[in-house]
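Before any comments, here is the structure.
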Amino acid sequence: MAHSIELLLDQRADTTVRQMWRGLADAGLPSQLKVTSDTNRPHITLIAAERIAPDVDDRLAELGDHFPLPAVIGAPLIFGGGRMTLARLVVPSSALLALHEQVYDQCRRSVSNVFAHSAPGRWTPHVTLGRRFTPAQIGEAMATSHEIAAPCAVTITGLRRWDGDARVEHVLMS
């Protein structure tokens, strides 16, 4: 199971994204709301890898001066082919890109098989709304939910390491 380093959103942004999840679920569409884990919450994945060792936690905790970090959730994004993921772009400001690069550099010694899409220059910051959409469902989501397209200002307030093997989050700052 994948491991990751993720950015956490302020309560207002968390609530806004959960409303988007609810709108999709209420329309009978795929939604992250259907993920029942206690640790399921809106986030922005910085690094995804086969494994991230816990020794990175102390190094990442030193990045606390980057928070809070203002950001904007922007346009809808669609990832994938046959079954797609619907997400919202997080507009990549220079501050967000710099933080991503620092986290990536801090993780190099502690990561096994970092996924290529996590590398600086290849990373697309986003918040996932739902997975396994068909093309018709993507069209329906875009047509039925004005919340999916409305930009919103958010604040990034924290950082966590997700251990996908143990299914445990390690909040490094919130």
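In percent, what relative contact order does region 15-171 have, based on Cα pairs under 8 Å that are 6 or more apart in sequence?
Normalised by residue count, the contact order of region 15-171 is 34 percent.
Before I look further, what does region 38-173 give for accessible area per residue, probe 1.4 Å, in whole square angstrom?
49
What are the semi-axes of the equivalent ellipsoid for the chain, taken as the square roots of 5 times the Cα gyration tensor eigenvalues, largest first, in whole Å?
In descending order, the three semi-axes are 27, 17, 15 Å.
How much length is gained if the chain between Gln19 and Ala98 is pulled fully straight, taking 0.36 nm per residue apart and subtracting their Cα-Cα distance, in nm to one decimal?
That works out to 25.5 nm of additional length.
Determine the calculated [θ] at 222 nm for the chain from helices alone, applying -39500 (n - 2.57) to every DSSP H run no shorter than 4 residues and normalising by the residue count; nearest 500 deg cm²/dmol.
-8000 deg cm²/dmol, from helical runs alone.
With 10 Å bins from zero, work out the P(r) of region 63-137 over every alpha carbon pair and list the percent per bin.
Per 10 Å bin, starting at 0, the Cα pair percentages come out as 17, 40, 33, 10, 0.
Quote to one decimal, in nm, the extra length available between Ala119 and Leu69 on full extension: 0.36 nm per residue of separation minus the C-alpha distance between them.
My answer for the length gained is 15.9 nm.
From the phi angles alone, apply the Karplus equation (6.51, -1.76, 1.60; θ = phi - 60°) to region 37-44 and give each ³J(HN,Hα) in whole Hz, x where the residue is Gly or Pro.
After applying 6.51 cos²θ - 1.76 cosθ + 1.60, I find 4, 4, 8, 6, 7, x, 7, 10 Hz.
Springs between alpha-carbon pairs under 10 angstrom, Gaussian network model over the chain: which of His43, His100, His66 fluctuates most?
His66
How would Arg161, Arg131, Arg83 rank on accessible area, largest to smallest, probe 1.4 Å?
Ranked from most to least accessible, the order is Arg83, Arg131, Arg161.
Could you work out what % of the accessible surface of the chain is carbon and sulfur, using a 1.4 angstrom probe and leaving DNA, RNA and ligands out of the count?
52
Using +1 at the C-beta of Lys and Arg and -1 at the C-beta of Asp and Glu, which of Ser94, Ala71, Ala2 has the Cα lying farthest in the positive direction of the dipole of the chain?
Farthest towards the positive end: Ala2.
Sorting Val56, Val35 by accessible area (1.4 Å probe), largest first, what list results?
Result, largest first: Val35, Val56.
I need the calculated FRET efficiency for the pair Val168 and Arg132, taking r as the beta carbon distance and R₀ as 25 Å, to the nearest 0.05.
With R0 = 25 Å, the Cβ-Cβ based efficiency is 0.55.
Specify the residue with the greatest mean-square fluctuation among Asp65, Asp105, Asp57, computed from a Gaussian network of the chain linking alpha-carbon atoms under 10 Å apart.
Maximum among the listed residues: Asp65.
Where nothing but the Cβ of Lys and Arg (+1) and of Asp and Glu (-1) is charged, how large is the charge dipole of the chain around its Cα centre, in debye to the nearest 20?
Value, rounded to 20: 500 debye.
Working out 0.36 nm times the residue gap between Ala27 and Ala153, then minus their Cα-Cα distance, what length gain in nm do you get to one decimal?
Additional length available on full extension: 42.8 nm.
The values are calculated or read from the model by the stated rules, or taken from the named source; none is laboratory data. Values in this document were obtained by computation on a predicted structure and should not be read as measured data. Don't worry about glycine lacking a Cβ; one is built from the backbone with ideal geometry, like all the others, and counts go over all protein chains shown. Ligands, DNA and RNA are excluded from the accessible area calculation, which covers all protein heavy atoms including side chains. Shrake-Rupley method; radii C 1.70, N 1.55, O 1.52, S 1.80 Å.
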